[in-house]
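Chemist: Below: one structure in structure tokens.
FYI, it's all coordinate maths here, none of it is from the lab. What you see is a predicted model, and the numbers here were worked out from it, not measured in a lab. Cβ atoms come from the backbone with ideal geometry, glycine included; neighbour counts cover every protein chain shown.
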Amino acid sequence: MSAVTPTTADDRDLDTRARGGGPSAAYWTGFVVVVGALALSPFVLPEFWQRFATEILIWGLLAMSSDILIGYTGMVSFGHSAFFGLGLYGAAAALLAVRPPNLWLALAAGLVAAAVIAVFVAYFSTRLRDIYFSITTLVFSQIFYVIIFTWTDVTGGENGLTFRQPPFGVPGLFSVPFTRNGLHWFVLAVVTLSYLLLRRITQSPFGMVLQSIRENEPRTRAIGYNVERYKIVAVMLSGLFAGLAGSLYAVQNKFAAPDFVLFLISGETVIFNVMGGMGTLVGPVAGAAFFLLMKEAFSRIFYEYYLIPVGIIFTLMVIFLPQGLLGFLRRRLNQ
Amino acid sequence: MIPLDQILVQIVNGLVNGMILALVASGLTLIFGIMDIVNFAHGDLFMLGAYVGTTAFLTTGNFWIALLVSVLVMALLGAALQITALRPLVGRDPLTTILATFGISLVIQNYALWQYGPVPRKIVEPVTGHFRLFYVEYPWYRIVIALMSAAIIGGLYLFMKYGKHGIWIRATTQDRVMAAAMGIPVPWVHTVVFAIGAAMAAASGVLFGPTVGVNHAMGFDFTLRAFVVVVVGGMGNLGGSILASIFISLLESLATIWVSPAQAVIVSFVALILTLLIRPTGLFVPTPK
């Protein structure tokens, strides 16, 4: 079975490596410009858009996490809401249980919760390929949704949980409450570090094996790699970063609800990837920004029915732009 | 100790629900078996079919005419969807079809919400009698649903086995290229199969409509269930998915004796996971020799 995107390997992000030497100066210039612009954005943007930029970063991290599976390993996960939601509820549990609320503990709890779920999901779902993998991840996320929705005593059921925002600080040194800008910079720092880490992982020998699974699974197995083990680790890694996105969301929104475990979040994650360009890491973030901006714009025209135009655009992109916005731009620029 | 009559009532319930589910799932299996398309919008076609049924019912006042109208309208819509959205994807990875149909599902779901609003709509059942089943008054209509579903599935089976165009469909399943070489218009067979699948989803939607309120979110539930059934039954295997539908629905019905219906869904999910562990090719397919 070929990869999801009908691209050739040299069309992708790894081409910088394939051309020899480290990543180009142009790449790092672009990187610095984008991160710099995001860091300075709170000074320019009005408050609404400031919050919007922070949200894009968090959803972008979720999108990147699923790109490890969708773009690099060729496994379309329709269950990322489970990891995101468990990260969210894990962080919520830590923020509610420990007085005073501690930021690092919340992030750690979110990661642990997502990791536990990821091990479980990875073990079962990687036994299957293609569509069966998608269906299994979808079913798993639905299981966690039902549990969270009906276990009212612990999770607050439909009403969800509300909690206080933890202060930013280093234990024993200092502790200051988050300002709007401070939170934005914190999220930016975490997302940027995650991006660099994910980028390193996808360019490592491990990442190369994942891409080889995407291109030709039987051959990868024949060469002697334990494909199942690589897939399990890929799902776990992906779940871990999705959980990180979930715990960041908890810190930002001070609210956890079963809606965040619902399938729709997984669907949106897939949309981010397809719109932005699978297998590029940056693409999914761009896709998240594009989707959220589109959602915002269409919500003003179509109100709660914004998913009608968004759904049509998404379907058209699947048909006509299978490489997403980034792949499309890259091809235009190379012409 | 659970009284026996309670178990028996739940078994009847499970069989009735199983037949409805079988009708939805056999459409999904048909589409997958022939085109390698995982139709994520299948549950939404079911839901939209039910809504079209409510509209037709309000206009004509006759349930059976509403059923027929809904089936025809949804068959046309299915054909249109296949031609516009899925035909360009032929030959690409099956995963792109799951993405495209997911987009379609979003559109249909929100269109229904926009057009019909969030309040569930009710179709009046055409058969209102009840009969005594142990401690409950059991509606005859539910038995009618089960029989109708069985009749439609049986009709499909006969059509596939003996009808000229049914043979075309089976030929296309076996070997697309060879079928085309023999003069079978393969692209149109694909369109018609998708239309048949959509029509079956619509029929089940209208039949199921009177037992619950028709609402825009009911589609996803059925998509998920149909997926579970199709995997448990063995993908692309019509008989397997019918047996699996009944099996899954029986499990869920029996589970409602102990837990709430919302939690009973987990039982079918667990059945899916166990199937994947023990027999990933499906519980109801013969072991390949």
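Chemist: In a GNM of chain A with a 10 Å cut-off on Cα contacts, which of A:Phe168, A:Phe241, A:Phe31 has the highest mean-square fluctuation?
Modeler: A:Phe31
Chemist: For A:Lys295, give me every one of the lysines with a C-alpha distance below 28 angstrom, ignoring sequence neighbours fewer than eight places off in its own chain.
Modeler: A:Lys254
Chemist: How big is the dipole moment of region B:1-129 about its Cα centre under a simple scheme where the beta carbon of each Lys and Arg is +1, that of each Asp and Glu is -1, and everything else is neutral? Debye, nearest 20, please.
Modeler: So the magnitude is around 260 debye.
Chemist: Would you mind ranking A:Leu95, A:Leu40 so that the residue whose beta carbon has the fewest other beta carbons within 10 Å leads the list?
Modeler: If I rank by nearby Cβ atoms, fewest first, I get A:Leu40, A:Leu95.
Chemist: Report the label-to-label distance for A:Tyr225 and B:Leu147 in nanometres (one decimal), using points 7 Å from each Cα along the Cα→Cβ vector.
Modeler: 5.9 nm
Chemist: Springs between alpha-carbon atoms under 10 Å, Gaussian network over chain A: tell me which of A:Ser125, A:Ser41, A:Ser77 tops the mean-square fluctuations.
Modeler: Among A:Ser125, A:Ser41, A:Ser77, the largest GNM mean-square fluctuation belongs to A:Ser41.
Chemist: Among B:Pro88, B:Ile246, A:Ala93, which residue has its Cα furthest toward the positive end of the charge dipole of the protein assembly as shown, with +1 on Lys/Arg Cβ and -1 on Asp/Glu Cβ?
Modeler: So the residue we want is B:Pro88.
Chemist: Quick check: residue separation of A:Leu173 and A:Leu193 times 0.36 nm, minus the Cα distance between them. What number comes out in nm?
Modeler: 4.9 nm
Chemist: Additional query: For chain A, just the Cα atoms, rotate onto the principal axes and tell me the three extents in Å, largest first.
Modeler: Its Cα atoms span 53, 47, 45 Å along the three principal axes.
Chemist: Further question: Have a look at A:Trp104, A:Trp185, A:Trp49 and tell me which one the Gaussian network model of chain A (Cα, springs below 10 Å) gives the largest fluctuation.
Modeler: A:Trp49
Chemist: Rounded to the nearest 0.05, what FRET efficiency do A:Ser299 and A:Phe255 have when you use their Cβ-Cβ distance and R0 = 22 Å?
Modeler: In this case the efficiency is close to 0.65.
Chemist: Determine, for A:Glu47, A:Glu228, the number of other Cβ atoms within 10 Å of each Cβ, and report the residues in order from fewest to most.
Modeler: A:Glu47, A:Glu228
Chemist: Label points 7 Å out from Cα along the Cβ direction at B:Ser260 and B:Thr84: separation in nm?
Modeler: 4.0 nm
Chemist: Separate question: Would you please give the FRET efficiency between B:Trp64 and B:Tyr162, computed as 1/(1 + (r/R0)^6) with r the Cβ-Cβ distance and R0 = 41 Å, to the nearest 0.05?
Modeler: Efficiency computed from Cβ-Cβ geometry: 0.95.
Chemist: For region B:133-289, what is the charge dipole size about the Cα centre, in debye to the nearest 20, if Lys and Arg each add +1 at the Cβ and Asp and Glu each add -1 at the Cβ?
Modeler: 480 debye
Chemist: Going Cα to Cα from B:Lys164, which aspartates and glutamates come in below 19 Å? Please leave out same-chain ones fewer than 8 positions away.
Modeler: Leaving aside aspartates and glutamates fewer than 8 places away in the same chain, those within reach of B:Lys164 are B:Asp175.
Chemist: Oh, and also: Quick one: dipole size for chain A, taken about the Cα centre, charges +1 on Lys/Arg Cβ and -1 on Asp/Glu Cβ, in debye to the nearest 20.
Modeler: It comes to approximately 600 debye.
Chemist: Add +1 for every Lys or Arg and -1 for every Asp or Glu among the other residues with Cβ under 14 Å from the Cβ of B:Arg225, and state the total.
Modeler: Net of charged neighbours comes to -3.
Chemist: Turning to a different aspect of this structure: Taking a quarter of the surface of the convex hull around the Cα atoms of chain B, what do you get in nm²?
Modeler: Spelled out: convex hull of the Cα atoms, projected over all directions, averaged, 16.5 nm².
Chemist: How much length, in nm to one decimal, is gained on full extension between A:Ala25 and A:Arg332, taken as 0.36 nm per residue of separation minus their Cα-Cα distance?
Modeler: Taking A:Ala25 through A:Arg332 to full extension adds about 108.4 nm, to one decimal.
Chemist: Got a sec? How would B:Ile248, A:Ile308, B:Ile11, B:Ile123 order by Cβ neighbour count within 10 Å, fewest to most?
Modeler: The most exposed by this proxy come first: B:Ile11, A:Ile308, B:Ile123, B:Ile248.
Chemist: Can you work out the PRE-style zone for B:Leu15? Point 7 Å along Cα to Cβ, and I want the residues of region B:139-172 with backbone N under 20 Å.
Modeler: B:139-155
Chemist: Okay, next question. Starting from 0.36 nm per residue, how many nanometres of slack lie between A:Ile312 and A:Phe48 once their C-alpha separation is accounted for?
Modeler: 92.3 nm
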